[in-house]
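No value in this document is a laboratory result; all are computed from the given coordinates. Fair warning: this is a prediction, and the values are worked out from it, not measured in the lab. Cβ atoms come from the backbone with ideal geometry, glycine included; neighbour counts cover every protein chain shown.
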Amino acid sequence: MLALGRFGGVVVLSASVLGASLSTGFAAKDSVVTSSGLPVPRYVSLKSDHVNVRAGPTKDNDVAWVYTRSGLPVEITAEFENWRRVRDSEGSEGWVYHSLLSGRRTAVITMKSKDELAALYERADPTSSVSARLQAGVVAQVKRCAAGWCHVLGNGFDGWIEQQRLWGVYADEKVD
């Protein structure tokens, strides 16, 4: 069966396993510690470029869609045994098996308008030089966040961005 994958092209649907770990000590203000011992909600990223998202937390549930972009950030909103309910930057939710999720922190650049570009600075200071301008939807690896700024890097860019421009880190979250 062929289906259009989320954030990618046509993919063949098949069963796969998924997973999660968390590398920072951050817990959201209203988080709940679960049976995994990790807080919910929390951000993680996709470990694979083929992640089945199911309607419910078992392999018996239908595949609702397939993510086809490794490193994409998702927010874990619930846990059931080895399954994690995730939400993406567009608000879509579904269940994935824990082993294809990673604690590696990534974020998506967000802007009010798709035509607007986000400034990436050399330092965590809006008066420093702009090292790049990033489009909405660009995925960046989050290295560190503090005081409203995040150090991010990706394919051809490395610098500091205002934390409010990212989906994949909480508003006042400190990431080390």
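Descriptive notes on the structure:
- Charge context of E75, other residues only, Cβ under 11 angstrom, K/R +1, D/E -1: +2
- Max-minus-min Cα coordinates of the range 107-167 on each principal axis give 25, 22, 21 Å, with the largest extent listed first.
- For K174, the amide hydrogen comes within under 5 Å of no other amide hydrogen, counting only partners 5 or more places away or on other chains and with H modelled in the peptide plane.
- Local charge for S129 was computed over the other residues whose Cβ lies under 14 Å away, with Lys and Arg +1 and Asp and Glu -1, and equals -1.
- A cut-off under 12 angstrom between Cβ atoms defines the neighbours of A55, and their net charge, with Lys, Arg +1 and Asp, Glu -1, is 0.
- 19 Å Cα-Cα reach of K143 towards aspartates and glutamates, excluding residues that sit fewer than 8 places from it in its own chain: E75, E122, D125, D158, E162, D172, E173, D176
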